[in-house]
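J.: Once you've had a glance at the structure underneath, I'll fire off some questions.
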Amino acid sequence: MTLEELAAMPGNSVSPRIAAQFLGVTQYGLNVAAKAGRLGLPYVFSGRNLKISKAAILDYCGYKGAERGEARVITTEPGGV
């Protein structure tokens, strides 16, 4: 998979399997780091499933695509987006 294909994928997050390809680590290593709070990238657990920010991976890899949208931070505060 290329950075262009990653950028074109729908959604704001990716699985550890996809993230590991770009970060040069194992899926297991990503899960262990996230559970220990040391991942260093924005992530969320959906049940037992780890989801890693696609925008953060693209930034880490230096992707500067022309059609790339900016990442949005969503808060739980009223009126916060």
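The values are calculated or read from the model by the stated rules, or taken from the named source; none is laboratory data. Only a predicted model underlies this, so the values are computations on that prediction, with no experimental measurement involved. All Cβ positions, glycine included, derive from the backbone under ideal geometry; neighbour counts span all protein chains shown.
J.: Among what's in the range 19-44 and is without any contact (Cβ under 8 Å) to a residue 24 or more places away in the chain and under 15 Å from Leu6 (Cβ atoms), pick the residue that is nearest to the chain's Cα centre (by Cα).
T.: Per the criteria, the residue is Leu41.
J.: I would also like to ask the following. Among the numbered criteria (1) within 15 Å of Met1 (Cα to Cα); (2) modelled with pLDDT under 95; (3) loosely packed, with under 13 Cβ neighbours inside 10 Å, which one does Gly47 miss?
T.: For Gly47, the failing item is (1).
J.: Consider only pairs whose beta carbons are under 7 Å apart and that are at least six residues apart or on different chains; among these, list those whose first residue lies in the range 1-14 and is closer than 10 Å to Lys54 by Cα and whose second residue is modelled with pLDDT under 90 and not in a helix (DSSP H, G or I).
T.: Close Cβ pairs (under 7 Å, with a partner that is modelled with pLDDT under 90 and not in a helix (DSSP H, G or I)) amount to Ala7/Tyr63; Ala7/Gly65; Ala7/Arg68.
J.: May I pose another question? I'd like to know if the range 3-17 contains one or more residues that are assigned to a helix (DSSP H, G or I) and modelled with pLDDT of 95 or more. Write out each step before concluding.
T.: Step one: filter the range 3-17 for residues assigned to a helix (DSSP H, G or I), giving 3-8, 16-17.
Then keep just the ones that are modelled with pLDDT of 95 or more; that gives 16-17.
Yes - at least one qualifying residue is present in the range 3-17.
J.: Hey, another quick one. Identify, please: which residue in the range 50-65 is out of contact with any Phe, Trp or Tyr (no Cβ under 9 Å at 6 or more places or on another chain) and among the small types (Gly, Ala, Ser) and is, among those, surrounded by the fewest Cβ atoms within 10 Å (Cβ to Cβ)?
T.: From the range 50-65, those out of contact with any Phe, Trp or Tyr (no Cβ under 9 Å at 6 or more places or on another chain) are 54-55, 59, 62-65; that's our starting set.
Filter once more, so that each one left must be among the small types (Gly, Ala, Ser): 55, 62, 65.
Working: Ala55: 18, Gly62: 7, Gly65: 12.
Across the range 50-65, the extreme among qualifying residues is Gly62.
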